[in-house]
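Below: the structure, in structure tokens.
Coordinate-derived values only; no laboratory data. Predicted, not measured: the structure shown is a model, and the values here were computed from it. Cβ atoms come from the backbone with ideal geometry, glycine included; neighbour counts cover every protein chain shown.
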Amino acid sequence: MILLFFLFGFTDEIGIFEIEESKDLEIILQDIEYLQQVPLDINTASVEQLSMIPYLSLSECMKIVEYRKESGGFDSVQDLLRIPGFDLFLLQKIKPYITIKMKIRKPGKFRSRLRFKSRLPGGDGAEEYYTKSEFYNGQYDVFLVTEKDPYESSFFDYYAAGILIDEGIRRFALGKYNLDLDPGVVLSPLGSFFNAMDFRLINQERGLIPYTSVLENNGFFGAALSDSFLVRFTAFYSNQKLDGRIDSTGFARSFDETGDHTDSLSLSRKDRINEEIFGYDVRYRFSNLLLSNKSYLCRYTPPFVCADSFNDFYGDEFFISGLEMKYIEDFFVVFSEVARSHRNQTGGIFGFIGYLPYVDFNLAGKYFPAGFYSPKGVEAREDYLGGVLDMAASPGFIKIGTTLTLDNDIDDDSVRYGIKLNIEKRNSLVRLKMQFRVRFRERVKDLSGSRVFLRITPNKFIFFDVRLEEKYVDTETGTEKGLLGALEMGVEYRRVKLRGRYGRFDTDSYDARIFAYEIDLPGVINNRMLYQKGDYGFVYMSVKPTDFLKFTLKYCVVTRDTVFSRQFGCQCDITW
């Protein structure tokens, strides 16, 4: 699955994970951790396989395959530097996930993760526990995930178990599982129950996969079979309780994807709504052309009106069906998906991704009417008609990128235009990135800002980061400002990694809030939301005493006006 995050367009953790909304990116973390154990052989990996590396754009994946065809193969990973647009910095980012295979490496047969987090001072049930255990043996993959949220009484507040049998062409799942079968409109792990899914482009489909996330209303629970006979097909069935509460009049609320319940009434009435889904996906590939149809019936018992949903979704029984088309060539990919959802609402996306010498470009469009709803895909807040044009050029000494966005709100009869400009210069010692963005609504500017990111790497073990950001939100009453400045230092030496950050922020209002990505315990994505006035910081350390054991610690502090918040977390990862 490739995500083209048009929000920033940088090929590092900030550009990938720093998004201004809550989104389950567990599937990307799974890819990263898996490829660390089993790197891809760049002499045999396909474009789809290379796209599992989040630091590579789809056009860069196509360039690797095209260069391999022309040159006959790579003698070492350093040969990637011969490809236009590839430099030493990008090579260092993807190096842990690629190789020139001399022998076959297999993932560990047993993997376990134990995590503890708590706000300080602790007590009163503020602790959070998480465990993930996975046993892998040939074609069998057995996994168990447990989680206790803060203020939940049971250690097994949430648990998910499942088994995946992979025989190559045939796959079978029993228990908790997930489906990655389309560009995100109907069936996508990034979709989530009653959460607005902004437009993202997804182009690498994994099919039937384990579900190891802790978002309690996502995924499927039941059975699924994927096989091939003339066409590739997947049949699936799911029956599970939703983590929300419903009252006697049929109104439901508290569909918090994290499963957090902070009041006794919410706790006493949760898990009363049953979600039942059964459907299929059929796909046919002819040369470079892929055609697919996926459909499923969704039933909720009892029927309800979701009071938390922005379009007051009525949950009862409805049928969803979608058609997908994708055409792949050496230099470009064309894809589209159109679906009919709840109350016969029809919407879809289309896109074109390609590259020319020194220029990468992505063009995409979308249309979703208000009320378009798929429980495992898109939910539209309003009528959305728009598009994105993203281009990047690398003449050698500098990298320049620009993103143009257009969003037409049909109901409100208003149009938003967005422009972003990215400039990046890097060498072995210094890396400088600058971004400027502005957005207009009906020819009136309503958002603008800029960001500067500087990394200094005096040697391969130490780096220093400086981040400065400003954001301006124009409202009817005036302009509201948000400012952020942060310093960070990192040390990576053999099996030890140390990171520390200190930052100050000042925002005039919640609308001017700033999101800042920061490193966290493995398997956790942390986009810290900063608003009001204060400072924050963290200290992070990971130690890997042996190949099969890793310990990670993190302590963070946030001071905001009269609020003083501290959190401590630790984690143990075992791979055997």
Which loop chymotrypsin sites (Phe, Trp or Tyr not before Pro) in the range 449-524, with loop taken from DSSP, have no more than 13 other Cβ atoms within 10 angstrom of their Cβ? 461
So which lysines pass the test for residue 471, namely a Cα distance under 19 Å, with those fewer than 8 places away in the same chain ruled out? 420, 433, 445, 481, 533
Please work out the FRET efficiency for the pair residue 464 and residue 416, using the Cβ-Cβ distance as r and a Förster radius of 51 Å; give the result to the nearest 0.05. 0.85
Any chance you could run the full-extension gain for residue 280 through residue 46? It's 0.36 nm times the residue separation minus the Cα-Cα distance, nm to one decimal. 81.6 nm
Return the long-range amide H neighbours of residue 372 (sequence gap of 5 or more, or a different chain), with a cut-off of under 5 Å between placed amide H atoms. 380
With labels modelled as points extended 7 Å from the Cα through the Cβ direction, what inter-label distance (nm, one decimal) is found for residue 70 paired with residue 492? 3.0 nm
